[in-house]
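Below is one structure; the comments refer to it alone.
Computed from the coordinates by the stated procedures, all read-outs in this text should not be read as laboratory data. Every value quoted in this text rests on a predicted model; they were computed, and no experiment measured them. Cβ coordinates were reconstructed from backbone atoms using ideal geometry, including for glycine residues, and neighbour counts include every protein chain displayed.
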Amino acid sequence: MVVLIVNSSPRVGGNCDLITDFIASRFEREGLRVDVVKLREFRISPCMGCRECLVRASCIINDDMKVLIEKLLKCRALIIVTPVYFNNVPSILKAFIDRTWCIRGRLRNKVGAVVVIGRRYGHELAINAVISFYLKHDMIVGTRGIALYAYEKGDVVNDREGLKDIERMVYRVIELLRIVEGGITSLGNLR
Ligand SMILES: Cc1cc2nc3c(=O)[nH]c(=O)nc-3n(C[C@H](O)[C@H](O)[C@H](O)COP(=O)(O)O)c2cc1C
């Protein structure tokens with residue numbers, strides 16, 4: 001598996017689900033393998049700050065984060081698709097982020113990208129929360145973070161400019177993967 005897409009929307013059939021499918025199809029069209037994870041289907045308890053992971057290099061909490069950590073360690077690129085909640089990311093994504101403390105140092109040089117979807121306010125703060133997470137892990141962030149504007153289920157298909165930005169993001173992530181893996185240095189002027 002190469003590209004892991006983590007969708008943190010609690011809502012079934014909403015805009016994040018649509019965009020997650022869209023991104024997956026674009027990577028697959030370029031021949032990459034994709035794994036999609038919907039955080040709402042996993043039990044993720046909050047980090048307790050016990051710091052046991054400093055001693056044993058793994059988390060003592062016994063929940064579904066074990067499965068997700070395996071996926072994180074295996075992927076080459078991580079794409080987070082998240083709704084904006086109260087000008088930030090939803091609590092389930094924050095719990096996921098905090099629980100990766102036990103694998104710090106082990107996501108180094110994986111490629112990270114983020115797409116946030118909200119009605120109108122707080123996109124940049126949500127993008128910043130995810131990019132800070134990537135940078136804390138020494139991941140490679142080669143795209144600015146995409147803001148899509150949508151509220152009701154399905155609205156996101158009307159954000160044509162945002163959808164184009166996602167296509168560019170997919171090519172940029174592929175370019176970075178090739179660079180990191182020692183292949184070609186550039187795809188040229190991306191579409
Ligand atoms: C609890 C909650 C808080 C929200 N807060 C914001 C917000 O701060 N800014 C914003 O632009 N949209 C906000 N929204 C709207 C959602 O981001 C928007 O409906 C988005 O499409 C949700 O993703 P989904 O369709 O995958 O559920 C909020 C929605 C909910 C349910």
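Quick look at the numbers
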quantity: Filter result (among the β-branched types (Val, Ile, Thr) and out of contact with any Leu (no Cβ under 6 Å at 6 or more places or on another chain)) within region 87-117; calculated: VAL89, ILE97, THR100, ILE103, VAL114, VAL115, VAL116
quantity: Any hit, region 2-25, residues being more than 17 Å from the chain's Cα centre (by Cα) and among the β-branched types (Val, Ile, Thr); calculated: yes
quantity: Residue in region 29-37 that is more than 14 Å from the ligand (Cβ to nearest atom), within 13 Å of the chain's Cα centre (by Cα) and of a type in the set (Asp, Glu) present; calculated: yes
quantity: Pair list, Cβ under 6 Å, 6 or more apart: region 4-25 residue farther than 10 Å from LYS38 by Cβ, other residue more than 12 Å from the ligand (Cβ to nearest atom) and of a type in the set (Lys, Arg); calculated: LEU4/LYS71
quantity: Tally of residues being within 8 Å of the ligand (Cβ to nearest atom) and over 19 Å from ASN7 (Cβ atoms) across region 104-157; calculated: 2
